[in-house]
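The values are calculated or read from the model by the stated rules, or taken from the named source; none is laboratory data. Predicted, not measured: the structure shown is a model, and the values here were computed from it. Quick reminder, even Gly has a Cβ in these numbers, built from the backbone with ideal geometry, and neighbours come from all protein chains shown.
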Amino acid sequence: MADLTPPNGDFPAVPSHGGQYIQYNIFGNLFEITNKYRPPIMPIGRGAYGIVCSVLNSETKEMVAIKKIANAFDNHMDAKRTLREIKLLRHLDHENVIAIRDVIPPPLRREFSDVYIATELMDTDLHQIIRSNQGLSEEHCQYFMYQILRGLKYIHSANVIHRDLKPSNLLLNANCDLKICDFGLARPTAENELLTEYVVTRWYRAPELLLNSSDYTAAIDVWSVGCIFMELMNRKPLFPGKDHVHQMRLLTELLGTPTESDLGSVRNEDARRYIRQLAQHPRQPLESVFPHVNPMAIDLVDRMLTFDPTKRITVEQALAHPYLERLHDVADEPICTEPFSFDFEQQPLVEEQMKDMIYREAIALNPDSLLETTLTQLHQLGCNMDASLSVDSEGQMVDAGGTLMCLTLAAGGWQANLVVYLIEEFNVKSIDATQVSNVVNGCTTLFPIIGAIVADSFFGCFPVILISSCVSFLGLVLFTLTATLDSLRPPSCENGSSLCETPSKVQFAVLYASITLGSIGLGGTRFTIATMGANQFDKPKNQGIFFNWFFFAMYTAHVVSATAVVYIEDCVSWGLGFGLSALVNLIGLVIFSSGIHFYHRDKPQGSPFVNIARVVVASIRKWNVKLPPRREDYHYHNEGEAKTTPAAPKKSFRFLNSAALETEGDLKPDGSIARPWRLCTLQQVEDLKTIIRIFPLWSSSIFISTPIAIQMSLTVLQALKMDRHIGSHFKVPVGSVLVVVTIATCIALPIIDRILYPVWQKLTHKSPTPLQRLGIGHVLNITGMAVSALVESKRLKTAHGSKVPMFVMWLFPQLVLVGIGEAFHFPGELQFCYQEFPASLHTTATAMVAMIIAIAFYLSTALVDLVRRVTEWLPDDINEGRIDNVYWVVVVIGVLNFGYFLLCAKLYKYQNVKGVEDSSSSVSQG
């Protein structure tokens, strides 16, 4: 190591940014760190990445090593490597893995260019020890090997391959404690993950890597350990190859030319042909070549340096080898309880995205830094209610709750009471009013699809939410005008009169304009906020928790709007109620806008629907092309995309695979696609297959929402005919009756999340999957509809046989059942769609839940219209009808649909198995 000691033994400390940071000039390099790190500072290493200094953390009284990565985002691959290493080190916690202490946030987010990573301070590395004159006993070497294997056991159990084990990446202290570092090249161990060929310094590279295989496993790390141990024993590299060819020659000269049996693990025919033409060498007995090495150690190394990776000894087997018997203790060799998620690797990340992700890692380790505390207080005070400013386990900030609650409360102010407003203020007949309400509800849940497409394809979530919030505000202003200006609504009906003046065309136009603007605003925000909120989290388990509390925030706001706001509209003034809704909408808009500099925003990837259409067209145009057995004939990536190697195309829906098959004329000389409607990437093909697989299950949810939509409209009509008095002075507003569903959901959600799911996990040793949650929702929904039919039958008997109408609280049990069912069904549906849909359709995935509800409302309208045409069950006076029969029809439909759901669930295979496991584990860890 070069002498990095300054001539005068010290580097002056210069305060910056109001004393919050300290700057040092380290040999012409600016080193700027937070003021909790106190001088003196000492440079201890430098490299192509930058410089490393040791310094004292005044808060923990610990000496740390801080590595500065200068201009960290100039090179895409280096930036991704830095991000990967930070995430991995934060996840891994083991005595033989270097521990991360800090990622220092930049003084100004907009000037974020250098990354400072603080880790444990170690004295040296194994490379320096090997090159030094310091003596190493066999016990030293044995202990070092044991610690490497002990650390690797933990790393591999976390679903991680290190891929760059070498002496310089093994740090040591004076007590001979060893820690593995530098995880920038790490990858998942799963065989179906995307793997790259650039791994491991050549001297420690396994033969499968020398042969350019991308199907390697954790066995490559074991090979590296064998090379490192022999280098320790010999004080020189075992295979110091000058290039790939020389490396392979050295390997075969010592270990022998691979046999035909060994070649069974080599899938590439060109690689097999290359090996067969090599000069033939017998395997030399290692005990003869290295007589000074313990024979038991030679036996262990011999098992590590096996050509065929499937026959190579594993880390667990190596730890149990007799050579390590005196050190081996299974009880003291822990494994990682939670596999590391490489999900962030699955999408091509641009510079700004990686910068955001590293910045959020820094904020997670420094939660009180910069403006975080001030921002939290500002957001929490913004709406006179819980703004639900959340920080997940990695510190990612989610400001979805406050905005969602305000916008939901504002929308509920007109939507929950729309039927009553149409009947009482615009003289619309009751059944017609419910039909209008159903159409409006369908629109408010259909429009999120349009918003999601726009967000995914062109602008991203943030602009769509911002514009939609403004549109919603304009709609509420118009609602307020219709309620306060007599010229914008017809005269009220006289008491007892059956002849009421209908609204004029202008009055209807203004009313429908306000409804349209309100529907567009609500549709463009509700589920887009869900996607933007989930995007703040990297781990599926935290996304699952977020979706639960997303619905809790939405339903809580709905309770307030359907009670307090509806009461003001019914008992005080429609204008005041709508005006308050407009004010709350404006507050939500301000809250959302105030976090503009802190959100993690994914950039739009272009329209995924165009890609889907291209797959269909391309597969049709190549329907007669024979599919080849070799995966090399498929098109994997477009120009500028990450050049990873996916697995072979899946066999399901094989006719679509031809869309990714490269044929003559499909590619330009530079490798880009010449005919985009004739050739697609394999990933685009697999994305379409995923959608096809999901569709049957998704469609089964339509007929769980249709009964809810019918119940909503009919319950309002039932409540109008029932006794709503509580005491002598209070009368329950009709628009507030349905709030029982919302209250039941709000109460059920935390009980389910914090009590029921943990108990389930404890009893079954498994957590409920999204599909199991959906199934429970189906059962509760059917039960609620059956209770509705029984209650209505009793209400009709009471209405015909008594002068005193039935008490409105008889409607509550059925509404409670449906509300609890929604607590299971809708979060499960939202999580299922978000996890299972392709990454390019994440925003659209959450909006697909809205599509379900929209179709359900339209189906409910069609079903009600059909019943009116063919039966006499739904007259204007429901006391003369048979609503109970309508409910029984809905029960039959629900039972048949539940059978369809069970069949689809039984046949379905999760596409994102890792996400399901992680989301399930959130039950106990949330």
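Any chance region 83-100 includes a residue that's farther than 30 Å from Val225 by Cα and either crowded, with 18+ Cβ neighbours inside 10 Å or touching a residue at least 12 places away in the same chain (Cβ under 8 Å) (or both)? Let's see the steps before the verdict.
Within region 83-100, the subset farther than 30 Å from Val225 by Cα is none.
Within region 83-100 (the criterion being farther than 30 Å from Val225 by Cα and either crowded, with 18+ Cβ neighbours inside 10 Å or touching a residue at least 12 places away in the same chain (Cβ under 8 Å) (or both)), the answer is no, since none of the residues qualifies.
Can you tell me which residue in region 30-69 is modelled with the lowest pLDDT, limited to those that are assigned to a loop (DSSP other than H, G, I, E, B) and crowded, with 16+ Cβ neighbours inside 10 Å? Explain how you work it out, then say what you get.
To start, the set of residues in region 30-69 that are assigned to a loop (DSSP other than H, G, I, E, B) comprises 35-36, 47-49, 58-61.
With crowded, with 16+ Cβ neighbours inside 10 Å added as a condition, the list becomes 36, 49.
Details: Lys36: 93, Tyr49: 68.
Ranking the candidates gives Tyr49 first.
Between Leu305, Leu324, Leu300, which is in contact with a His (Cβ under 6 Å, 6 or more places away or on another chain) and assigned by TED's automatic domain parsing to the domain that holds Arg249?
Working: Leu305 fails: in contact with a His (Cβ under 6 Å, 6 or more places away or on another chain); Leu324 fails: in contact with a His (Cβ under 6 Å, 6 or more places away or on another chain).
On inspection, the qualifying residue turns out to be Leu300.
Hey, can you tell me all the residues within region 234-251 that are more than 18 Å from Ser168 (Cβ to Cβ), in contact (Cβ under 8 Å) with a residue 24 or more places away in the chain and either hydrophobic (A, V, I, L, M, F, W, C) or not assigned by TED's automatic domain parsing to the domain that holds Phe307 (or both)?
Listed by number, the residues that qualify are Met248, Leu251.
Kindly indicate whether any position in region 76-91 is within 28 Å of Arg150 (Cα to Cα) and part of a strand (DSSP E or B). Even if it seems obvious, please write down each step before you answer.
Of region 76-91, the ones within 28 Å of Arg150 (Cα to Cα) are 80-91.
Checking the rest, the ones that are also part of a strand (DSSP E or B) come to none.
No, every residue in region 76-91 fails to be within 28 Å of Arg150 (Cα to Cα) and part of a strand (DSSP E or B).
If we scan region 817-826, do we find a residue that is in contact with a Pro (Cβ under 7 Å, 6 or more places away or on another chain), within 27 Å of Phe550 (Cβ to Cβ), part of a helix (DSSP H, G or I) and modelled with pLDDT of 85 or more?
No, because not a single residue in region 817-826 is in contact with a Pro (Cβ under 7 Å, 6 or more places away or on another chain), within 27 Å of Phe550 (Cβ to Cβ), part of a helix (DSSP H, G or I) and modelled with pLDDT of 85 or more.
Just to be sure before I move on: is Lys766 modelled with pLDDT under 85 and out of contact with any helix residue (DSSP H, G or I) (no Cβ under 8 Å at 6 or more places or on another chain) in the structure I sent? Explain how you work it out, then say what you get.
Working: modelled with pLDDT under 85: yes; out of contact with any helix residue (DSSP H, G or I) (no Cβ under 8 Å at 6 or more places or on another chain): no.
In short, no.
For region 243-296, which positions are among the aromatic types (Phe, Trp, Tyr) and assigned to a loop (DSSP other than H, G, I, E, B)?
Of the residues in region 243-296, the ones among the aromatic types (Phe, Trp, Tyr) are 274, 290.
Across region 243-296, the qualifying residue is only Phe290.
Out of (1) hydroxyl-bearing (Ser, Thr, Tyr); (2) more than 42 Å from the chain's Cα centre (by Cα); (3) modelled with pLDDT of 85 or more, the odd one out for Thr306 is which?
(2)
Take the residues in region 720-766 that are among the aliphatic types (A, V, I, L, M) and surrounded by fewer than 16 Cβ atoms within 10 Å (Cβ to Cβ), then tell me which one is farthest from Phe550 (Cα to Cα). Give the steps one after another, and end with the answer.
Filtering region 720-766 down to residues among the aliphatic types (A, V, I, L, M) leaves 720, 722, 726, 732, 734, 737-741, 743-744, 747-749, 751-752, 755-756, 759, 763.
Imposing the further condition that a residue be surrounded by fewer than 16 Cβ atoms within 10 Å (Cβ to Cβ) reduces the set to 726, 751, 755, 759, 763.
Details: Ile726: 33, Ile751: 15, Ile755: 18, Val759: 23, Leu763: 27 Å.
Checking each candidate, the answer is Ile726.
Condition test on Ser788, is it hydroxyl-bearing (Ser, Thr, Tyr), touching a residue at least 24 places away in the same chain (Cβ under 8 Å), surrounded by fewer than 22 Cβ atoms within 10 Å (Cβ to Cβ) and assigned by TED's automatic domain parsing to the domain that holds Leu902?
Details: hydroxyl-bearing (Ser, Thr, Tyr): yes; touching a residue at least 24 places away in the same chain (Cβ under 8 Å): yes; surrounded by fewer than 22 Cβ atoms within 10 Å (Cβ to Cβ): no; assigned by TED's automatic domain parsing to the domain that holds Leu902: yes.
No; evaluated as a whole, the condition is false for this residue.
(1) modelled with pLDDT of 75 or more; (2) within 40 Å of the chain's Cα centre (by Cα): which one isn't true of Lys429, the others all being true?
Answer for Lys429: the failing condition is (2).
Any chance you could count how many residues in region 847-903 are at pLDDT below 90, farther than 30 Å from Lys797 by Cα and not hydrophobic (A, V, I, L, M, F, W, C)?
Summing the residues that are at pLDDT below 90, farther than 30 Å from Lys797 by Cα and not hydrophobic (A, V, I, L, M, F, W, C) in region 847-903 gives 1.
Please determine whether any residue of region 695-710 is at pLDDT 85 or above, touching an Asp or Glu at 6+ places or on another chain (Cβ under 6 Å), surrounded by 23 or more Cβ atoms within 10 Å (Cβ to Cβ) and not in a loop (DSSP other than H, G, I, E, B).
no
Scan region 717-735 residue by residue and report those that are modelled with pLDDT under 80 and part of a helix (DSSP H, G or I).
Val734, Gly735
Consider region 246-272. How many of its residues are modelled with pLDDT of 85 or more and not charged (D, E, K, R)? Spell out the reasoning first.
In the first step, residues of region 246-272 are kept if they are modelled with pLDDT of 85 or more; the result is 246-259.
Adding the requirement that they be not charged (D, E, K, R) leaves 246-248, 250-252, 254-259.
Selection size over region 246-272: 12.
(1) out of contact with any strand residue (DSSP E or B) (no Cβ under 8 Å at 6 or more places or on another chain); (2) in the same structural domain as Asp221 (by TED's automatic domain parsing): which one isn't true of Gly151, the others all being true?
(1)
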